[in-house]
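I have placed the structure first, in the form of structure tokens, so that the comments after it can refer back to it.
The values are calculated or read from the model by the stated rules, or taken from the named source; none is laboratory data. Just so you know, these numbers come straight off a predicted model, no measurement behind them. Cβ: placed from backbone, ideal geometry, glycine included. Neighbour counts: every protein chain shown. Areas reflect the complete protein model, heavy atoms only, side chains present, ligands, DNA and RNA absent. Shrake-Rupley method; radii C 1.70, N 1.55, O 1.52, S 1.80 Å.
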Amino acid sequence: MIRRVLPHGLGRGLLTRRPGTRRGGFSLDWDGKVSEIKKKIKSILPGTPCDVLPDTSHLPPEHSDVVVVGGGVLGLSVAYWLKQLENRRGGMRVLVVERDHTYSQASTGLSVGGICQQFSLPENIQLSLFSASFLRNINEYLAVTNAPPLDLQFNPSGYLLLASEKDAAAMESNVKVQKQEGAKVCLMSPDQLRNKFPWINTEGVALASYGMENEGWFDPWCLLHGLRQKLMSMGVFFCQGEVTRFVTSSQRMMTTDDEMVTLKSIHEVHVKMDHSLEYQPVECAIVINAAGAWSAQIAALAGIGKGPPGTLQGTKLPVEPRKRYVYVWHCPQGPGLETPLVADTSGAYFRREGLGSNYLGGRSPAEVSRVGWDMLARRHRIIVMKESGFWPGSVCFVHPQVQTAWAGYYDYNTFDQNGVVGPHPLVVNMYFATGFSGHGLQQAPGVGRAVAEMILEGSFQTIDLSPFLFNRFYLGEKTQENNIM
Amino acid sequence: MTQGANGQSLRLVAPMWNGTRGIHRLGGAVVPEGNQKKERKMLQFLNNHFYDVEALRGYLLQREMSKVHLKNRSFTWLEEQHGPYSAGAFFILKQGGAVKFRDKEWIRPDKYGHFSPEFWNFREVPVEAVDASDCEINYEGLDNLLLLKELQSLSLQRCPHVDDWCLSRLYPLADSLQELSLAGCPRVSERGLACLHHLQNLRRLDISDLPAVSNPGLTQILVEEMLPNCQVVGVDWAEGLKLGPEEQPQDTASPVPA
């Protein structure tokens, strides 16, 4: 009614003012305005979708207590233990940021999946032992109601390390340490080796160490999927995006030796979305660097390493990506069902894959060389392997046919090839869980628990990983691991 | 082309996967009937829509698991008091299994779970055979079983919690174990069978009816190769092979596709 009345009055007024404009040339456009008002009223009324606010479901939350940078097995393990050990259910909001939700380049999925306790450092042995018990009881740790139980496809076939004359003494002392920590490892002489595994050529082999229990290989995708599923049921937020910036605040303090030191703390993380300039600033209290092969970039964003070399501010995180190749070949007369994962002194290793005489193996280069990242190198290596008989001599594969190959990155710690765990001394709320140089997958449950204990209690409670703190890079104290594959 | 028993040609066929098993059925490989399926669906619906039901189910599951843990605790005090053989025998009898000491008769618990206490006197007599069929032994419980160092015959038929990890623990019995039966264990797969190569004195191995083994015929052949002195019983190697397209099955007695 009002509609009908008003135009009359206005229309007459308009017309009387300007006789030439009959069709509402005066820009009032009453009909258009009315339809707009009708639309707004309709959208405010309940029962209709309200398009007033933009859609932000793909963005991470604006506030989060802990931001885990990197969604591989280490990052998910830290998130799991943080939620498991928190004092109150729902007490911590954890956000896991992963750049690539297909995990196409992540070391976890491309890994061979082995777990062994044959290390020289007691801490590494304890981490592996705990991981073995975690994997054994995985359906108790990662139980989700209504989901089927996880089948890790674990092969308990053990690891067999072969040593030449010059490495035999080191291997003996390593095995002593391993037995002390509780690993079930035994030494074998060349005769015993020939008896047990007749397909090994024991020329040049002086001693071998064989793991009997809690060693073998499993399916890393299953572990990743299980962790993801459990984390989603515990209420952890997942976001696909890239961390591009840390916003830090600094504080200058004086040490007891009257030195000025700048302590930084990250209070905002900028997470940028894929294929877009859109980013979300996430306010956070703690950041965990579990970015694997790309951890050094994340550390550089926080200002770690920006300073004169030789000082604590100038000490960079010495983790870089190293490419490693894995080949799958078929050999009909090869070793049988009892084959353990055999690793040679030259760094070459292989294991059985499935029941159809397929084997999987690779070789870590002994020299400290950076391998190129291009795909052409991969094809070249396949040809080299086909022609020259890749295996250095310990196991003879007759007429192997290479089926497939792939490459993945190790998060290689160039300093001492061992992991970096714990907080940074200057950037006080960044915690590291990276740099494990090829055994990150097998130590992930133990490391995750250690980092969670460090955050929640302030110190390591179960396994003491103080030799793995960041300080050692500045102080120059190497915790060298001698058995790297 | 391989030849079957009746001269028909056979080819390998992929095994069928018989669906997921819910977490509340630890190891049950039985296909549910119509009624059970409806109950299961109702339970799942309630679980997805009510937090209380989910929490209750989680609590009941935890209770079941802790019951199994309790059954498999270590009897170290008993071992100190009465020696390893008696302690191990007590563990097996408490679980519901049967035990045979050397030169003595089988000791079995009756239907109420009671058994005669005469074995406490057999301090020095080793245990020769253990029948732990349908017992709830798991990885931790093997601590007690491995006390029986001179065991010759072990039967783990239809044990719901014996899996590949448990098989990797059997190597300390390599010197004496001659007979092992794993028939019907729902969690044992070919990966666990691979670590039986330590048991070189084994003369008879029963691996029939293992639902988790992906390829029973091929596994049988590989296990026979791995243990040359052992008679491996259970699977006919032709199982899993299908009749070739050019030969029609003439009678029902021919090898049936898996």
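A few comments on the model shown:
- Exclusive hit being without any contact (Cβ under 8 Å) to a residue 60 or more places away in the chain, basic (Lys, Arg) and buried (at least 22 other Cβ atoms within 10 Å of the Cβ), set B:Arg204, B:Arg191: B:Arg191
- Test: residue in segment B:88-110 that is touching a residue at least 60 places away in the same chain (Cβ under 8 Å), touching a Leu at 6+ places or on another chain (Cβ under 6 Å), in the same structural domain as B:Asp143 (by the TED database) and more than 23 Å from B:Pro160 (Cβ to Cβ): no
- Subset tally (residues that are open to solvent by less than 30 Å² (accessible area, probe 1.4 Å) and modelled with pLDDT under 90) for segment A:198-225: 3
- Among the helices (runs of 4 or more DSSP H) confined to segment B:32-136, the ones with at least 1 residues that are of a type in the set (Val, Ile, Thr) and open to solvent by less than 40 Å² (accessible area, probe 1.4 Å) are located at B:51-71, B:84-95.
Every residue, every condition in (1) without any contact (Cβ under 8 Å) to a residue 12 or more places away in the chain; (2) assigned to a loop (DSSP other than H, G, I, E, B); (3) out of contact with any Leu (no Cβ under 8 Å at 6 or more places or on another chain); (4) buried (at least 22 other Cβ atoms within 10 Å of the Cβ), yes or no:
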position	(1), (2), (3), (4)
A:Phe436	no, yes, no, yes
A:Gly446	no, no, no, yes
A:Gln461	yes, yes, yes, no
A:Arg472	no, no, yes, no
A:Lys478	no, yes, yes, no
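- Subset of segment A:185-195 (residues that are under 16 Å from B:Leu199 (Cβ atoms) and crowded, with 17+ Cβ neighbours inside 10 Å): none
- Qualifying residue in segment B:110-120 (condition: within 13 Å of chain A (Cβ to nearest Cβ) and either of a type in the set (Ser, Thr, Tyr) or closer than 21 Å to B:Val213 by Cα (or both)): no
- For A:Pro149, the conditions (1) in contact with a strand residue (DSSP E or B) (Cβ under 7 Å, 6 or more places away or on another chain); (2) in a loop (DSSP other than H, G, I, E, B); (3) within 14 Å of chain B (Cβ to nearest Cβ) all hold with the exception of (1).
- In segment B:154-164, residue most open to solvent (accessible area, probe 1.4 Å) [restricted to those that are assigned to a loop (DSSP other than H, G, I, E, B) and away from chain A (no Cβ under 14 Å)]: B:Arg158
- Failed item, numbered, when A:Gln229 is tested on (1) in a loop (DSSP other than H, G, I, E, B); (2) open to solvent by 20 Å² or more (accessible area, probe 1.4 Å): (1)
- Selected residue (criterion: nearest to A:Ser364 (Cα to Cα)) from residues of segment A:415-430 that are under 18 Å from the mean Cα position of the chain (by Cα) and surrounded by fewer than 21 Cβ atoms within 10 Å (Cβ to Cβ): A:Gln417
- Residues that are surrounded by fewer than 18 Cβ atoms within 10 Å (Cβ to Cβ) and more than 17 Å from A:Asp65 (Cβ to Cβ), drawn from segment A:260-278: A:Met260, A:Val261, A:Thr262, A:Leu263, A:His270, A:Lys272, A:Met273, A:Asp274, A:His275, A:Ser276, A:Leu277, A:Glu278
- Scanning segment A:115-134 for residues that are open to solvent by less than 10 Å² (accessible area, probe 1.4 Å), of a type outside the set (Ser, Thr, Tyr) and either in a helix (DSSP H, G or I) or within 14 Å of another protein chain (Cβ to nearest Cβ) (or both) yields a total of 8.
- Taking the criterion of being facing another protein chain (nearest Cβ under 8 Å) and within 28 Å of B:Leu61 (Cβ to Cβ), the residues of segment A:152-165 that qualify are A:Gln153, A:Phe154, A:Asn155, A:Pro156.
- Qualifying residues in segment A:344-367 (those that are surrounded by fewer than 21 Cβ atoms within 10 Å (Cβ to Cβ) and farther than 22 Å from A:Asp219 by Cα) - the one farthest from the other protein chains (Cβ to nearest Cβ): A:Glu367
- Qualifying residue in segment B:115-131 (condition: farther than 23 Å from A:Pro156 by Cα, among the aromatic types (Phe, Trp, Tyr), in contact with a Pro (Cβ under 7 Å, 6 or more places away or on another chain) and in contact (Cβ under 8 Å) with a residue 60 or more places away in the chain): no
- Residues that are in contact (Cβ under 8 Å) with a residue 12 or more places away in the chain and either open to solvent by 20 Å² or more (accessible area, probe 1.4 Å) or touching an Asp or Glu at 6+ places or on another chain (Cβ under 6 Å) (or both) within segment A:88-99 comprise A:Gly90, A:Met92, A:Arg93, A:Glu98, A:Arg99, listed in sequence order.
- Unique match (being on the phi > 0 side of the Ramachandran plot and not assigned by the TED database to the domain that holds A:Gln178) among A:Gly476, A:Gly446, A:Gly440: A:Gly476
- Taking segment A:187-217 as the range and being of a type in the set (Phe, Trp, Tyr) and more than 17 Å from A:Leu337 (Cβ to Cβ) as the test, no residue passes.
- Selection of segment A:57-73 for residues being outside any loop (DSSP other than H, G, I, E, B) and open to solvent by 30 Å² or more (accessible area, probe 1.4 Å) yields A:His63, A:Asp65.
- Being open to solvent by less than 60 Å² (accessible area, probe 1.4 Å) and in a loop (DSSP other than H, G, I, E, B) is not true of A:Pro46.
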